[in-house]
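The values are calculated or read from the model by the stated rules, or taken from the named source; none is laboratory data. It should be emphasised that the depicted structure is a prediction, and the values quoted were computed from it without experimental measurement. FYI the Cβ positions are ideal-geometry reconstructions off the backbone, even for glycines, and counts take in every protein chain you see.
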Amino acid sequence: MKQFFYIVLFSLITTAGYGGNDSVEIPLGGNAYLTREAGNMKLTKEGITNWDDERAIVSSWFKVGHEGGLTLSIKAKSAEGKSTIKVVVNGKPFHVELSNSDWEIIEVGTVQVKANEHVKVDFQGSSKSGTTFGSVSAILVEGEAAQEPLIFVREPENFYFGRRGPSVHLSYEVPKSAGNIEYFYNEVTVPTGEDVIGSYYMVNGFGEGYCGIQVNSASERRILFSVWSPYTTDDPSEIPEDSRVLLLEKGTDVVTNDFGGEGSGGQSFRRYSWEAGETYQFLTRVHPDVDREGATVYTAWFFDPDEAAWQLIASFSRPKTVTWYKRPHSFLENFIPAQGYLSRQVEFGNQWAITEKGEWLELTNAKFTYDATAAAKRRADYFGGLSNGNHAFVLKNCGFFDKDTVYGTVFTRKSSLQTKPDVDLDSLPNK
């Protein structure tokens with residue numbers, strides 16, 4: 001009888017605390033998004049809180065490396081009374097009852113999953129006796145499909161960039177015999193429907209900065225041009241006077257200031273309502289500053305199709321630097337963490353480098369790379385390749401799609417027109 005009692009007691013304990021030693025905990029704070037806002041629900045580093053409206057939905061994703069059975073549990077508690085929540089795993093609904101006032105591991109159910117695919121888990125309230133449905137801090141997984149590798153954001157210190165998603169890059173190959181490069185020309189097209197808020201489509205990157213277009217909000221879009229200071233800091237107020245990037249000229253309606261957070265330096269932007277589906281031209285110049293010893297001048301132009309003319313964005317002088325245009329590249333990033341579950345893509349075409357002697361060189365090779373978020377296997381939704389009949393390079397990120405691209409892959413696009421773009425360098429404004 002005593003033996004039977006201990007067996008029953010052990011059974012009760014293991015059921016309430018489901019999630020064995022082999023289970024893997026996936027924190028919602030770094031792997032979930034509020035995909036339908038309603039009521040006062042919030043998603044914090046600790047997970048779901050203030051869950052008071054059944055219309056609100058939180059969605060989480062992670063990627064499995066193996067096929068087979070996947071058993072899910074959640075770490076949850078009910079703040080008051082009882083509640084029932086709906087947990088949908090890859091489209092399969094499970095109803096889970098919460099009545100515990102302390103954190104417990106509660107089983108959800110088992111699904112069959114395929115190898116190398118993302119698993120989506122949605123949370124939505126069904127019924128409650130109190131004011132909220134409760135709180136959920138993590139998903140726990142075990143079973144055949146829960147064996148490593150699993151791709152998700154594990155460390156709290158990486159939640160911010162993990163939720164932003166991976167940044168993806170293209171580095172354009174310049175012939176070794178080219179000599180000094182002075183200008184870089186590129187064209188950008190954001191396909192219709194891919195202009196997601198929080199996206200930076202960086203068109204003309206160089207060794208000390210970058211230039212491109214952004215979607216800053218539902219009502220604002222920008223052209224951005226930035227040059228980093230040679231002094232390393234995230235706080236622009238710390239930069240010594242002799243290391244400050246100086247503004248030489250700026251175009252009409254261009255705003256200039258200092259920037260910080262991911263390096264510091266000089267920043268310029270123009271609010272401009274660029275449109276998805278349209279192709280825009282950019283030209284950037286880098287050359288030694290003849291008026292300031294030991295410095296380099298960086299200038300960016302944008303071809304405004306409404307004016308049918310090249311427009312100056314800005315021109316900066318960077319001290320303690322004597323260089324030409326180095327490392328022409330483009331990238332795609334999401335800069336709003338809450339938008340990291342939405343995919344976006346961009347096309348870059350017709351790249352040309354112009355030497356200090358005025359020779360135009362078409363660049364048709366580009367190497368694909370990604371950032372630390374992807375390299376550390378926190379996210380796997382990154383892609384690079386070719387589009388537009390192989391005449392343009394394409395980058396795609398975020399959205400938890402399953403197709404990814406091998407780091408370092410080199411793509412070769414078809415030659416654009418076999419003739420250089422029609423740009424009169426001598427007539428550019430404020431050259």
Determine, yes or no, whether residue 312 is aliphatic (A, V, I, L, M), in the same structural domain as residue 278 (by TED's automatic domain parsing) and closer than 30 Å to residue 400 by Cβ. no
Which condition number in (1) touching a strand residue (DSSP E or B) at 6+ places or on another chain (Cβ under 9 Å); (2) at pLDDT below 95 is the one that residue 389 fails? (1)
Please go through the stretch 44-61 and give me each residue that is of a type outside the set (Gly, Ala, Ser) and more than 14 Å from residue 76 (Cβ to Cβ), ordered by number. 44, 45, 50, 52, 53, 54, 55, 57, 61
Quick one: would you say residue 400 is crowded, with 20+ Cβ neighbours inside 10 Å, within 20 Å of the chain's Cα centre (by Cα) and part of a strand (DSSP E or B)? no
By residue number, the members of the stretch 186-204 that are surrounded by fewer than 24 Cβ atoms within 10 Å (Cβ to Cβ) and either in a strand (DSSP E or B) or among the polar types (S, T, N, Q) (or both) are 187, 188, 189, 192, 200
Residue among 172, 185 that is of a type in the set (Phe, Trp, Tyr) and within 23 Å of the chain's Cα centre (by Cα): 172
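What do you reckon, is residue 316 touching a strand residue (DSSP E or B) at 6+ places or on another chain (Cβ under 6 Å), surrounded by 17 or more Cβ atoms within 10 Å (Cβ to Cβ), within 20 Å of residue 393 (Cβ to Cβ) and not polar (S, T, N, Q)?
Numbers: touching a strand residue (DSSP E or B) at 6+ places or on another chain (Cβ under 6 Å): yes; surrounded by 17 or more Cβ atoms within 10 Å (Cβ to Cβ): yes; within 20 Å of residue 393 (Cβ to Cβ): no; not polar (S, T, N, Q): yes.
No: the conditions fail for residue 316.
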Quick one: which strands (runs of 3 or more DSSP E) lie wholly within the stretch 223-309 and hold at least 2 residues that are in the same structural domain as residue 167 (by TED's automatic domain parsing) and under 30 Å from residue 394 (Cα atoms)? 254-259, 265-271, 279-288, 296-304
Does any residue in the stretch 140-151 that is in the same structural domain as residue 69 (by TED's automatic domain parsing) and in a loop (DSSP other than H, G, I, E, B) come within less than 8 Å, Cβ to Cβ, of a residue that is of a type in the set (A, V, I, L, M) and modelled with pLDDT of 95 or more six or more places away or on a different chain, and which pairs are these? 143/70
